1. For ALA101, are the conditions met, namely being surrounded by 19 or more Cβ atoms within 10 Å (Cβ to Cβ), in contact with a strand residue (DSSP E or B) (Cβ under 6 Å, 6 or more places away or on another chain), in a helix (DSSP H, G or I) and modelled with pLDDT of 95 or more?
2. Within the stretch 13-36, take every residue that is exposed (fewer than 14 other Cβ atoms within 10 Å of the Cβ) and modelled with pLDDT of 95 or more and give me the one that is farthest from VAL88 (Cα to Cα).
3. Among the residues of the stretch 51-83, which ones are away from the ligand (no atom under 12 Å from the Cβ) and touching a residue at least 40 places away in the same chain (Cβ under 8 Å)?
4. Among the numbered criteria (1) part of a helix (DSSP H, G or I); (2) over 17 Å from the mean Cα position of the chain (by Cα); (3) surrounded by 14 or more Cβ atoms within 10 Å (Cβ to Cβ), which one does LEU65 miss?
5. Please go through the stretch 110-120 and give me each residue that is crowded, with 16+ Cβ neighbours inside 10 Å and either away from the ligand (no atom under 15 Å from the Cβ) or not assigned by TED's automatic domain parsing to the domain that holds VAL42 (or both), ordered by number.
6. Would you mind finding the one in PHE27, PHE8 that is part of a helix (DSSP H, G or I) and away from the ligand (no atom under 16 Å from the Cβ)?
7. Tell me whether the stretch 3-12 contains one or more residues that are under 16 Å from ILE113 (Cβ atoms) and aliphatic (A, V, I, L, M).
8. Read through the list (1) assigned to a strand (DSSP E or B); (2) surrounded by fewer than 14 Cβ atoms within 10 Å (Cβ to Cβ); (3) within 16 Å of the ligand (Cβ to nearest atom), then give the number of the only condition that VAL86 fails.
Amino acid sequence: MNLSSLNFFRTLRADNKQFAVIGLGRFGKAVCSTLHGLGYEVLGIDTDEKKVTQALNDRIAAHVLQLDSTEPSALQEAGILEFETVIVAIGNYLGESITTALNLKEGGVSNVIAKASSETHLKLLKKVGADHVVFPEREMGCSLARLLTKPSILERFDLDPDHSIVELLVPEKFDGKTISDLELRRRYGLNLLAVGRADNKFEINPQPSERLRKGEVMVVIGSNKDINRLPI
Ligand code: ATP
């Protein structure tokens, strides 16, 4: 998650209870069934009759329709242009995905979220006006690589390409030291925002005299370069 993604999700109305999901592949089905399970009203769409029947049998959405989303008239007749947020979950059919996103934006849908499956796909979706593009394969690949190389970093929030907030396990070298002993600001250029104790409670802005223990969690903010200098 980064700041621009967060800004987009913040613009979505909290009281919007309806979503349409176009494309019932593995990704679209996961979006549908999760929203449905959370109590939202979901309309699932696919051109493929088998996918539609399967979705109905599996009850992953309140409503499921068979239509071709590259046809603007089909979208209009089915009322999809009236939705505030539509998810285009067509990863493997580039032309269909781009045309669908374009039709939705031209039809006046406020929030079009689309799945990309390549860098070119991502750029084209942005060009036709998609409001937010997700690229799950790339995102998962990046987070797996980060996890493999820095397993003690539990969570990362990218503020911009150079700065992050990270949640990490207290390094062995910091075990038993007080926060003032560590001199995180002077030695690493980092600010400590919170410490997570064994009871899963976080202490925000901990006192300099607090002692850190191995196995606890610390949350720091700073440049990626400085975060990488931590002894983890
Ligand atoms: P995977 O399932 O491999 O993870 P995915 O979730 O990106 O990938 P795709 O293989 O891209 O899914 O399939 C998306 C679905 O979109 C398919 O079920 C396909 O039938 C459907 N689809 C493709 N073109 C259209 C279209 N024009 N209108 C509606 N549905 C479409």
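The values are calculated or read from the model by the stated rules, or taken from the named source; none is laboratory data. Computed from a prediction, not measured in an experiment: that's the story for all the values here. Glycine gets a Cβ as well: all are built from the backbone with ideal geometry, and neighbour counts include every protein chain shown.
1. Details: surrounded by 19 or more Cβ atoms within 10 Å (Cβ to Cβ): yes; in contact with a strand residue (DSSP E or B) (Cβ under 6 Å, 6 or more places away or on another chain): yes; in a helix (DSSP H, G or I): yes; modelled with pLDDT of 95 or more: yes.
The answer is yes for ALA101.
2. Filtering the stretch 13-36 for residues that are exposed (fewer than 14 other Cβ atoms within 10 Å of the Cβ) and modelled with pLDDT of 95 or more, the one farthest from VAL88 (Cα to Cα) comes out as THR34.
3. Hits for the stretch 51-83 are ALA61, PHE83.
4. It fails just one condition, (1).
5. Hit for the stretch 110-120 is ASN111, nothing else.
6. Values: PHE27 fails: away from the ligand (no atom under 16 Å from the Cβ).
From the options PHE27, PHE8, the qualifying one is PHE8.
7. Let us first name the residues in the stretch 3-12 that are under 16 Å from ILE113 (Cβ atoms), namely 4-12.
With aliphatic (A, V, I, L, M) added as a condition, the list becomes 6, 12.
Yes: one or more hits.
8. Result: VAL86 fails condition (2) only.
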